[in-house]
Amino acid sequence: MNTQPMPGYFFMPQHIILVGASERPHTLGERILTALLGSSFQGEITPVNLRHKTVAGLPSYPNLNKIDDQADLVIVVTPPDSYETLFKACRKKQLHHLILIQDWESLSEEDWQTARQAIQKHHGQELNISVCSPAGIQLPTQGLNTGLLPDFPAGHVALLTGQAAVSSEIDVMLRRMQQGVSRHISLNYDLSPTSAADWINRFGHNRHTRIAVVQHNPAENQRKLFSAIRHFARHTPIIVYCTHAVDDTERAILESLSRHCNFLLTLNHNELAAALHARLSEIKPSNQLTALGNTPIGWLQPIAAEMGIQLTLPSEKPNLQNGYLGSIPTAAHYRSMAAQQLQQNHTQALLAVIAPSAEHNETAIGKMLNHLAKQTDKPLLISSHVSDGLLHFPNPEQALQALYLRNVADRLQQIQHEIAPAKSGRLKNIDGEAVAAAKDHAKNLAAVLHLPAYQNDNTYPLVKLTFRRHPQYGAIISAADLNRTIAVLPPFTTLDTARLLRFTDLNRYQDAIEQFVHSMNALVQNPELFNGEIILNISSNQISSDFRWPTQPAPASHKNNRPSEKTVEKPNLPTADDFNHRMQAAAEFLRHSNARASEFIRTTSEAAAEFWHQKNNTDKPKPAENVLAPYPTDYPSEIKLKNGQTVSVRPFEPEDAEAKQQFIRRLSPQSRYTRFMTRTNALPQPTLARFSKLDYHSEGAWIAENSDGLIVAVSRFSRLTRDECEFGITVSEDMRGSGLAHEMMQLIIRLATQQGYQSMSAEILKENTAMLKLAEKSGFSLMESEQDKNLYQAKLNLLPTEEQGKEKFRQ
C-alpha cells in the first residue's frame, strides 16, 4: 500500500516491518514480536532477520531491500551500530516513519553516541525518526502494541511519556479507575528528534480521546512544547505531569503557563491520580463538601480549607457527631445516613470515608454506596481501599485533591475568557541610550527605568518583585512573600499587572507596579540593555528598587598565588572591526596549518572576523528564549495608502481587545455578517478573549490605526493543523479601495510563512465579492466548498518559491 503523507498526524499503520525480529527467548526482538502477534492487531507484520527465512511462522527477509511491498511503519530493535546502514536503506525504499526501540538504560555511552550521530544525520523531511523507550507505542482501539508493557485496555486517555516506568505507573492508576487508553507513546526524550510537542500535534482531535496526559520534558524547546499544549487544550483537556524536581520558582512559572495554556499541572503521583479522577469523572466544580465516615474525620477540615473547600461535618443526635457515624455502622445504616445528607439542599457533594473495621464490612458498605451513587445527581465520592472507580479514592485526601483540581480546571477555563484592560495612559517609555549609559550606576538606572528610588539591601520586605532571566524559561517577573511565589511571563500584559496587584494586596503602589511591568517589557524586547536582576522591594510603608548585576567568577586563592586554569580571566575579544585591520595577522596565523584558509582570510576581512567570532564563542551557552513567543518586530510601522493617507501598523496585543470590539461595533451589519457569517452586533466575550490572546509561535494578528488612534483594519490567522492556517481580514468601510486590505493580507502571509505553515485558507461567502477579489489578487485559488454551496474555499500555497523569495514589503 502507499505510504502515508509526510509529515502526518498520529498514523494508523496497516503494514509494519519489524527489523530485528527474533525467536530467541528474552531478546528485545522476541519480546516485541510476541507483543505484536499476541495483540489483536489486524495489519500485516513483516520480520527482518539476517539468519532465518521465517520467524514465528512469518516469512522473514535478510534486509529491507528484499521486501517488495511498501509499509507504513518500520520498528527497529537492532543495536545502534546498525542504524547508519538501516537509515540509508529506508531512504532508498522510501519508508518514511521509523520507531527505534531499545532498553536504552542498559546501553553504554558509546552506544548512545553512535545512535545520536546517526539519528541527527538522517532525521528530516524524508525520514521521520522517533526514539522510544521499551514501552513503545500502543493503539488499543486497533489492538496495536509495539512495546514490552502489557496491553492497555481501550479507553479515552491519550498518554505521552518519556519513560516506560511512567507509562506503567499511569496504566495502574487507570485500571484502578476502570479506565483505559486511546493512544500511547513513550519516547526517549534524550534521543528522540521527534519531540513531545511533535507528538502532541500528531495526536490531533480524536473522538476516542477525552483527556491527554503528557509527562513534561524540560529538555526540549519549551516554547514549542507549550504552544502545542495550548493548541491541543482548545479541544481536549490536558494534564501535564512533572516527574523532575521542581523548585518554587519553576513551580510558579509552570502555574503561570497553565493559565496561558489551560492545562492542569501535577507535580507528583497523588496529584496526577487526583487530576485523572477530576477530569474523567466530570464531577461538577464545587467549593462545598459534606463528609461522613465510620472513623473520626475532623482532621480533614484544615486540609480542605487550604484547598479552598468548605468541609461540612454534620451532627445529629444520637448517632452522628461531626460526620462520625461510629466505628461499626451497618452497611444499611451508612447508606441511610448518606442518602439523608444527599437530600439536604445545602449539600453539593458528599464524601463517604470507609475505614477498615473488625467486621470487615467495608466491601458491603461500598456496594451499598455504589448503588446509591447511581440514584442521585449529586456527586458521591467514596474513600475506601477496596473500591475501584472514577469516584472511588484510596484515601480521603485524594478525594479532596480531586475536587480541588476540578475547581482549578474550572477557574483556568474562566481565565481563558478574561479580557485584558487597556494600558494606562500614565506609563512612561524608557530611553534605551539612557539605560545603556546608566546600567552600572544603580541610582541613575532606577531613574531612567522610571522605577522607585534605589535602596540597597532592603532585608525584610513584605513582597519582593524580581525581574530576571530563568536559565530554562527565559525572562520572568516573580513575586514572593513569606508563604508563596507566583510568576508572570512576557510579553507582560495588564492581566499580569492585575495578578501582581492581587498578590501584593497593596493597591496604593498600583502606579509603581504598573510602571515596573511596563519598563520590564521594554527590557525583554532589548535584552542587551541590562542582563542582571531588577528588584522591587515592597513594604507596608515604602517601595524601593534594587539591582543585582551578573557576578564575575573570582580567582581562587592558592598558596603559590597562581590562579587556577578555570579562573583565569579571558582578555576582551577583538571585534570584527579589529579584524579588518588584522587581515595579514590572521592569514599568517593559519598559513602553516591551512594555506587555502589563509588565502581566503587574507582577501576577505569579513570572513576573518566571522571565523574568529565563531572560534571564541563555540562553547558559550545561548541564553534561554522566552517560553512565550514575543510580538513580531520585523514589520513596517507605517503604510502609505493609495488615497494618500498613512496608517500605523503593529501586532495585535491583548490590551487591544476593547478597541477591537468598538471597531466591530462601528462596522455596518452587512460587513459584520460577511466577516463572521452570523448576525451579530459584537463579539461574545469568549470569542473576543480567544482572538485577543495570541500565541505568536503559531498564530498572529495585525491592526492598522488611523491618525486618531482608532482601529481601521484587523488581519489575523490561526492554526487549523500544524501545516495549515486560516485567515480573516476586516477593514472599515471608509478604508475600502485604498489598498489597505492587500497590505494587511501581505503581513499575515509573511508571518505565517515565517512560522512554517505550508498553506493558508479561508471560507468566504460568495456574496463577499471584495474578499474574493482580494484573495485572487493575493494568489489564492478559489473552489466551491463541498460542505456549503454558499461558500468558496480559498487556499494559498506558502511553500517558498523563487518569486516569493524576491518579494519585499513597501516601507
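Yes/no per residue for (1) farther than 19 Å from residue 415 by Cα; (2) touching a residue at least 60 places away in the same chain (Cβ under 8 Å); (3) in a loop (DSSP other than H, G, I, E, B); (4) not acidic (Asp, Glu):
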residue	(1), (2), (3), (4)
644	yes, no, yes, yes
648	yes, no, no, yes
657	no, yes, no, yes
665	yes, no, no, yes
671	yes, yes, no, yes
679	yes, no, yes, yes
683	no, no, yes, yes
686	no, yes, no, yes
689	no, yes, no, yes
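State all residues of segment 129-154 that are without any contact (Cβ under 8 Å) to a residue 60 or more places away in the chain and surrounded by fewer than 21 Cβ atoms within 10 Å (Cβ to Cβ); if no residue qualifies, say none. Before the answer, list the steps.
First, pick out the residues of segment 129-154 that are without any contact (Cβ under 8 Å) to a residue 60 or more places away in the chain: 133, 135, 137-138, 140, 149-150, 152-154.
The answer is 140, 149, 150, 153, 154.
Restricting attention to segment 284-330, report how many residues are under 23 Å from residue 408 (Cβ atoms) and either of a type in the set (Ser, Thr, Tyr) or part of a helix (DSSP H, G or I) (or both).
Residues in segment 284-330 being under 23 Å from residue 408 (Cβ atoms) and either of a type in the set (Ser, Thr, Tyr) or part of a helix (DSSP H, G or I) (or both): 10 in total.
Yes/no per residue for (1) modelled with pLDDT of 90 or more; (2) in contact with a Ser or Thr (Cβ under 8 Å, 6 or more places away or on another chain):
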{"site": "728", "(1), (2)": "yes, yes"}
{"site": "738", "(1), (2)": "yes, no"}
{"site": "774", "(1), (2)": "yes, no"}
{"site": "808", "(1), (2)": "no, no"}
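On the basis of being within 21 Å of residue 678 (Cα to Cα), touching a helix residue (DSSP H, G or I) at 6+ places or on another chain (Cβ under 6 Å) and in the same structural domain as residue 677 (by TED's automatic domain parsing), does residue 764 make the cut?
Values: within 21 Å of residue 678 (Cα to Cα): yes; touching a helix residue (DSSP H, G or I) at 6+ places or on another chain (Cβ under 6 Å): yes; in the same structural domain as residue 677 (by TED's automatic domain parsing): yes.
Answer is yes for this residue.
What's the number of the only condition in (1) in a loop (DSSP other than H, G, I, E, B); (2) out of contact with any helix residue (DSSP H, G or I) (no Cβ under 7 Å at 6 or more places or on another chain); (3) not hydroxyl-bearing (Ser, Thr, Tyr) that residue 220 fails to meet?
(2)
Does segment 655-673 hold any residues that are within 21 Å of residue 767 (Cα to Cα) and surrounded by 18 or more Cβ atoms within 10 Å (Cβ to Cβ), and which are they?
Correct list: 664, 667, 671, 672.
Please find, among 751, 782, 747, the residue that is in a helix (DSSP H, G or I) and within 18 Å of residue 724 (Cβ to Cβ).
Details: 782 fails: in a helix (DSSP H, G or I); 747 fails: within 18 Å of residue 724 (Cβ to Cβ).
From the options 751, 782, 747, the qualifying one is 751.
Can you spot a residue in segment 270-279 that is outside the structural domain of residue 403 (by TED's automatic domain parsing) and polar (S, T, N, Q)?
Yes, some residue in segment 270-279 is outside the structural domain of residue 403 (by TED's automatic domain parsing) and polar (S, T, N, Q).
Matching residues to (1) at pLDDT 95 or above; (2) acidic (Asp, Glu); (3) buried (at least 21 other Cβ atoms within 10 Å of the Cβ):
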site	(1), (2), (3)
450	yes, no, no
476	yes, no, yes
487	yes, no, yes
500	yes, no, yes
507	no, no, no
512	yes, no, no
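What is the one condition in (1) surrounded by fewer than 19 Cβ atoms within 10 Å (Cβ to Cβ); (2) within 27 Å of residue 491 (Cα to Cα) that residue 734 does not satisfy?
Here residue 734 meets the rest and fails (2).
Go through (1) surrounded by 14 or more Cβ atoms within 10 Å (Cβ to Cβ); (2) closer than 30 Å to residue 256 by Cβ; (3) out of contact with any Ser or Thr (no Cβ under 7 Å at 6 or more places or on another chain) for residue 372 and report which single condition fails.
Residue 372 satisfies all of (1) surrounded by 14 or more Cβ atoms within 10 Å (Cβ to Cβ); (2) closer than 30 Å to residue 256 by Cβ; (3) out of contact with any Ser or Thr (no Cβ under 7 Å at 6 or more places or on another chain) except (2).
Counting only residues that are within 20 Å of residue 158 (Cβ to Cβ) and surrounded by fewer than 18 Cβ atoms within 10 Å (Cβ to Cβ), which one in segment 237-287 is modelled with the lowest pLDDT?
Applying the filter and picking the extreme gives 282.
I'd like the full set of residues that are loosely packed, with under 13 Cβ neighbours inside 10 Å and polar (S, T, N, Q), limited to segment 328-369.
Passing the criteria: 343, 345.
Answer yes or no as to whether residue 426 is basic (Lys, Arg) and either closer than 24 Å to residue 262 by Cα or assigned by TED's automatic domain parsing to the domain that holds residue 156 (or both). Full working, then the answer.
Values: basic (Lys, Arg): yes; either closer than 24 Å to residue 262 by Cα or assigned by TED's automatic domain parsing to the domain that holds residue 156 (or both): no.
Here the answer is no, as residue 426 does not meet what is asked.
The values are calculated or read from the model by the stated rules, or taken from the named source; none is laboratory data. Model, not experiment: these values are computed from the prediction. Please note: Cβ atoms are built from the backbone with ideal geometry, for glycine as well, and neighbour counts cover all protein chains shown.
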